[in-house]
Amino acid sequence: MADIKIIGEGRSQGGHFQKVKVVGTGRITSELHCEQVKLFGEGKFEGNTSVSRFTMFGSVSMKQSLKAKLVKVYGKLEVEETFQSEIAKIKGWTNVDGDVSVEKLDVTGGLKIKGLLNVGQLTMNLQHEPSKINEIGGEKITIKSRSLNPFRKSQRLDVHVIEGDKIYLEHTTAKIVRGNEVTIGPHCEIEHVEYKTTLKKDNKSTIGNEKKGN
């Protein structure tokens, strides 16, 4: 299969390719299937994108959906429909209008997801600006806000519902948290917590009501 290479500024139709590389500003005007995308700069993908490895440094806009095995984001990624990947590593910001499904998601920065985040393992270090997610469902969920810069302000996650097996939260505002083992760390505001096995809570957080289930 052929490759796409855009250096400087350019555009290409989609199709089936081996590798896509953009250095500068690139635009893919239709549905794309390929093994690898590497982007350094700005990119716009106007059709559904299916790729094994997607790596970006800069800013990317997806007008439809992104499906991948491995996604690495260094910068800002915007997806107008759904985002699906086996592994995703995000350093920066990702905004998704639809649902997100990832087996292992590691975030240093922020997320804005209007739909459901369905995740096996989520590790999130909130930085830069506040995050907002409609609903999180997963197995192991860890939310923190840590920075090596002592002068940097801690950021928060605003979420409607979190459901998981093992949950650890800091700097989180949520209406409902449901889990097996639940730890509410510092600086959380939770309206309702349901837990099956254990509930641990920091005295710097507030919980409206809590219920132990079967």
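The values are calculated or read from the model by the stated rules, or taken from the named source; none is laboratory data. Since we're looking at a predicted model, the values are computed, not measured. Because the Cβ atoms are built from the backbone with ideal geometry, glycine has one as well, and the counts that use them run over all protein chains shown.
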Residues that are out of contact with any strand residue (DSSP E or B) (no Cβ under 7 Å at 6 or more places or on another chain) and under 19 Å from LEU77 (Cβ atoms), drawn from the stretch 15-48: GLU31, ASN48
Residue list for the stretch 17-73, restricted to those being under 16 Å from LYS89 (Cβ atoms) and hydroxyl-bearing (Ser, Thr, Tyr): SER52, THR55
Complete set of residues in the stretch 1-21 that are among the hydrophobic types (A, V, I, L, M, F, W, C) and either over 22 Å from LYS69 (Cβ atoms) or not in a strand (DSSP E or B) (or both): MET1, ALA2, ILE6, ILE7
Which residue, of LYS140, LYS175, LYS196, LYS166, is assigned to a strand (DSSP E or B), at pLDDT below 95 and in contact with a strand residue (DSSP E or B) (Cβ under 8 Å, 6 or more places away or on another chain)? LYS196
For the stretch 22-81, how many residues are among the small types (Gly, Ala, Ser), crowded, with 17+ Cβ neighbours inside 10 Å and not in a strand (DSSP E or B)? 2
Among the listed residues GLU181, GLU189, which satisfies the condition of being in contact (Cβ under 8 Å) with a residue 12 or more places away in the chain and within 29 Å of GLN84 (Cα to Cα)? GLU181
